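For reference, the structure is listed below as structure tokens.
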Amino acid sequence: MRLPIHSRAILALAILLLALAPGLALEFGFAGSVGNYNFPWTQVAPTPGTGPFPATNYVWGGSAYLGLPMGEESTLRLSYELDPILRSVAMAKVEFERGIAKVSVGPFFGLFNSTANPVSVGLSTQVRFQWPGLAYVSVRSDGAMAIGLLADALGAEPQARAEIAAGFYSKNAIISGLVSASSYSETLSGGLVVTDALSSYLLTLDLFKKNVPYTLLASVGYELRSKYFEASGKTEALGSLVLGAKATAEIVPGVRISSNFRSSVFVFGLDSLSGRSPDSNDFFFSVDLGLAFDTKALDKFIKSRGPVEKPEPPAASSESPPSDAPVPPPIEAPTSG
């Protein structure tokens with residue numbers, strides 16, 4: 001299957017960074033995703049017919065990031081994301097970390113998502129307080145200055161996302177609760193609005209062990225997807241119970257591979273989709289595959305292995321062959337007839 005242009009661009013960027021990485025202390029990574037639990041981006045009217053909601057609305061996505069150190073306590077992080085709800089977004093954030101606090105802030109861009117509004121600009125902010133071995137709390141907002149979890153889904157900002165997370169540590173695990181909301185509003189040619197929205201309420205369990213290069217993140221919760229059509233005044237919504245697992249493995253120091261799978265085990269229609277729940281035999285899922293690099297750690301690992309020593313060729317012997325060695329017969333000169 002031919003990848004969308006956004007995914008091909010992410011792959012090309014990753015290849016370029018791999019070529020430029022030697023000698024640079026940077027972090028970068030990329031990921032690809034696909035899922036069928038979505039409303040189509042091109043849908044501008046309620047789902048036609050009266051049958052069950054289809055399970056064929058596949059949406060490809062992906063992401064890429066690049067982290068450049070700016071000092072001992074700050075990093076410039078450039079990222080691009082093709083999100084099922086927010087669509088095409090890019091960010092450039094400066095991250096500061098001191099003591100228990102980590103703060104990141106920078107511009108947030110929506111790129112070429114509609115002809116009426118090809119570029120939108122907002123602000124991305126995240127604050128995290130962490131007490132290692134005890135607990136953490138994190139708040140994130142992408143979009144307008146005033147965007148929040150209770151913001152109006154039909155607000156003027158075309159793209160917005162907010163997230164609150166908190167957790168505590170136990171032996172070899174972090175138990176967390178997470179609430180997030182995101183929305184995308186598109187203004188059609190007639191001035192009418194179509195809005196995609198997603199709300200998630202998750203409980204996660206992050207399993208790890210010291211000096212073991214593998215981690216597992218399990219999640220369970222409830223998600224609500226919706227699409228509002230101003231022209232008809234209708235809202236279509238799908239609720240679902242979700243289960244997910246993300247595995248991360250460090251192949252060698254500085255190289256990590258990850259796989260994330262999430263399945264909607266029970267999906268039901270709401271609002272205008274009441275009575276049109278998906279068929280019980282349909283399977284809704286999303287899957288992500290990612291690869292990340294830390295060139296500083298990778299370079300340190302390579303140098304720790306030392307140069308490969310080439311075996312020395314055997315020295316030529318000056319001793320004469322033993323007396324009992326066979327002697328080849330003399331070569332006779334040819335004689336003329």
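Annotations
- Dividing the mean sequence gap of close Cα pairs (under 8 Å, 6+ apart) by how many residues the range 202-257 holds gives a relative contact order of 32 percent.
- Table column - 3J(HN,Hα) (Hz), the range 66-73, Karplus curve with 6.51, -1.76, 1.60, x for Gly and Pro: 9, x, 10, x, 10, x, 5, 10
- Between the range 66-110 and the range 231-272, the alpha-carbon center distance in angstrom: 23 Å
- Under 13 Å, Cβ to Cβ, from L270 - net charge with Lys/Arg +1 and Asp/Glu -1: +1
- For the range 156-281, the gyration tensor built on C-alpha atoms gives a prolate shape. Its axis ratio a/c (a ≥ b ≥ c) is at least 1.5, and a/b is the larger of a/b and b/c.
- Here the range 195-226 is scanned for amide nitrogen atoms under 11 Å from the site 7 Å beyond the Cα of Q43 along Cα-to-Cβ, giving 196-197, 225-226.
- Here V103 and L68 are evaluated by their C-beta separation; at R0 = 25 Å the FRET efficiency comes out at 0.90.
- With the highest mean first, a sort of the peptides 163-170, 208-215 on other beta-carbon atoms found within 10 angstrom per residue produces 163-170, 208-215.
- Relative contact order of the range 62-112, taken over Cα pairs closer than 8 Å and 6 or more residues apart, is 28 percent.
- Summing charges over all other residues whose Cβ lies under 12 Å from the Cβ of L76, with Lys and Arg as +1 and Asp and Glu as -1, gives 0.
- Estimated inter-spin distance, D271 and I257, nm [label 7 Å along Cα→Cβ]: 4.1 nm
- Most to least accessible of T295, T235 (protein chains only, probe 1.4 Å): T235, T295
- Listed values for the range 39-44 are Karplus-derived 3J(HN,Hα) couplings in whole Hz (6.51 cos²θ - 1.76 cosθ + 1.60, θ = phi - 60°), namely 8, x, 4, 7, 6, 10, and x replaces Gly and Pro.
- Order by protection proxy (mean Cβ within 10 Å, highest first), peptides 118-124, 196-202: 196-202, 118-124
- Subtracting the Cα-Cα distance of K296 and S170 from 0.36 nm times their residue separation leaves 42.3 nm of extension gain.
- Between F285 and A25, the contour length at 0.36 nm per residue exceeds the Cα-Cα span by 89.9 nm.
The values are calculated or read from the model by the stated rules, or taken from the named source; none is laboratory data. Treat the numbers as computed from the prediction; the structure is a model and nothing was measured. Heads up, the Cβs are rebuilt from the backbone with ideal geometry, glycines too, and the neighbour counts pull from every protein chain shown. Heavy atoms of the whole protein, side chains included, go into the accessibility calculation; ligands, DNA and RNA do not. Shrake-Rupley method; radii C 1.70, N 1.55, O 1.52, S 1.80 Å.
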